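Only one structure is covered here, and it is reproduced in the block below.
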């Protein structure tokens, strides 16, 4: 198994996990989802499809809606409800991205200027609100109170997570547990909801819905841990994101948590100055990256991600071996391997 | 009838409309709503009840939830569903206020510092998102897809209206029709939804649901026209709002629309400089108020509000004469008379 190979050997392994099996499985459905997204972005206010189109078209992997599509497939669902519901998931995700970029004062996302830079914070807040409402309209059209509950709950938890993140921001005393609570809420809640929906439309028993939710939640945590690690990795440039965004914003992520705890007093003064006091000078990001390296904080963050990835993989154990199951397992590997 | 009395006589009239009959009718229910609001604001993130409590406790008339309560009563509903649903309406309203204050960069609301000033824009955006999600959770608990549709539709329309307002902002060429479209969307949609819910929980036929929706929509338009007029009235100070907020933000409201159209070239240059170019000097607000006076723009805005108020009143015509109906009629009069 890959898990027992040393890091270097694994990095050199010829075959790498990719999203291709997932794309092969749900590609046709995803085309329909993209169509539904375009159709439902429509509004009397021309700025709405314009701004929403900018961020939705900008790419992104459509990972969350693909999880809804693949989970529906895994549950043997043969209807069409997954299309609209996957669009809901993407709308909710996009709404949170728009609001995140305002909250973080970001100016780049996936290598493109963010909506708040192009159209202003005001429009980003309001179009986010619109997409969020539109998602609920689509769910009402779908007509399942159970789906509405899953996504209303997820949305509330996401907002809670974002607020908790504000509260831990710039606080180097944040514990790993607090960090995980934020990640579970702000990221993993939508992953788990996206997956659970598959069992709901498939009319599967609670044990399968719970399994898919667990898969999604642990995958989401692994995904975010890797994301937080990538923010200190040279690789990040290839994603179109500038390295060090989290550092500049004083975000306390797992790599920093580990390095802070493993460092000496002088190093902690450095972290406090940069992240709590926000006093950053030329060369500080480079120094942060050296400290992360010295304490193995990046590699160990990925190890933590592997742990959650394993739980996600095992959660799928109760499902029969199908193409859908293999594709979902590959997503776990992909999310972790993108760290290299 | 009050409508045919000249303005001055009416101002001197001893008996003035108030919200008292409404408070008498739904006071007990409103206490329960306030309790439900406090209970459902709860969150793991302490900042959420803190910030939400600030704006919700700050007062406001609770007009929208009271409309849900009174409409339910008008429809003969004797259960308890109106309590939670009125709380939803207030949560959605509060979420839009939080986002509005960020969008408008306001620093005062009802005489208190706004949440964005006290806790920052970031927290206001996220807590708004939370309240919005929480409203949908309460609706899911209630279990009516029809209510979910009414409020999901209203939420989408509100966001559209706010975006349209952004697009007309600072544009003195905005037509009265465009202005009304914005008002119908950003304000009247929640009033009409709040009222329609009464017919839904009461299980009343579509004609009554439509009548309540029409009442709410027209009341909402009248309410906003008066609000926009008050922003140029000395009376405004007593509401705890600073006069001239709309002027400073370059908002094109009905009084300005009328004065702009009725003015000469020199006056239009003045409005363009102040509202389009945002070049404002000492004395400009006073000059604006003189121009509004010269062209009767404030009084005529109130006349327009009366028109919508009359439609609202007549929409209730199909309901039998009850205490609830009288209270709702009084709301119309109250909303218009607060202009004096």
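From least to most packed, judged by other beta carbons within 10 angstrom and beginning with the fewest, A:195, B:75, B:335 follow the order B:75, B:335, A:195. Considering only B:89, B:183, B:117, the mean-square fluctuation computed in a Gaussian network model of chain B, springs between alpha carbons under 10 angstrom, is largest for B:117. Under conditions of 25 °C and 0.890 mPa s, the range B:74-213 yields 152 µm² s⁻¹ as its translational diffusion coefficient, taking Rh as the Kirkwood radius over Cα pairs in the Stokes-Einstein equation. Using the empirical formula 2.2 N^0.38 Å as the baseline, the Cα radius of gyration of the range A:17-337 reaches a ratio of 0.99.
Which number comes out as Rg/Rh for the protein assembly as shown once both Rg and the Kirkwood Rh are worked out on C-alpha atoms?
Checking Rg against Rh, the ratio lands at 1.01.
Using Cα pairs closer than 8 Å and at least 6 residues apart in sequence, work out the relative contact order for the range B:14-337, in percent. With pairs under 8 Å counted, the relative contact order is 22 percent. Summary of the geometry: the range A:136-197 and the range B:135-161, compared by the centres of their Cα atoms, lie 19 Å apart. Residue order for A:326, A:42, A:54, fewest other beta carbons within 10 angstrom first, comes to A:42, A:326, A:54. Based only on other Cβ atoms within 10 Å, what is the fewest-to-most ordering of A:177, B:267, A:20, B:160? Ascending Cβ contact count within 10 Å gives the list A:177, A:20, B:267, B:160. Going by alpha carbons, how many degrees (0 to 90, nearest 10) lie between the helix axis of A:323-337 and the longest principal axis of chain A? Taking the Cα atoms of chain A, the angle to A:323-337 is about 20 degrees. Annotation for residue A:269, label-to-label distances across the other copies: 6.4 nm (shortest first, one decimal, point 7 Å from Cα along Cα→Cβ).
Report, in degrees rounded to the nearest 10, the 0 to 90 angle that the Cα long axis of helix A:145-168 makes with the longest principal axis of chain A. Taking Cα atoms only, the helix is inclined about 10 degrees. Label-point spacing at residue A:210 relative to the other copies reads 4.9 nm, in ascending order, each point sitting 7 Å out from Cα along Cα→Cβ. Placing a label point 7 Å from Cα along the Cα-to-Cβ direction at residue B:28 gives distances to the equivalent points in the other copies of 6.1 nm, listed shortest first. Specify the residue with the greatest mean-square fluctuation among A:194, A:159, A:327, computed from a Gaussian network of chain A linking alpha-carbon atoms under 10 Å apart. Result for chain A, Cα springs under 10 Å: A:159 fluctuates most.
Counting only alpha carbon atoms, the long axis of helix B:20-40 and the longest principal axis of chain B meet at about 70°.
Coordinate-derived values only; no laboratory data. Since the model is a prediction, treat every value here as computed from it, not as a measurement. For neighbour counting, all protein chains shown are included, and Cβ atoms are generated from backbone atoms with ideal geometry for every residue, glycine included.
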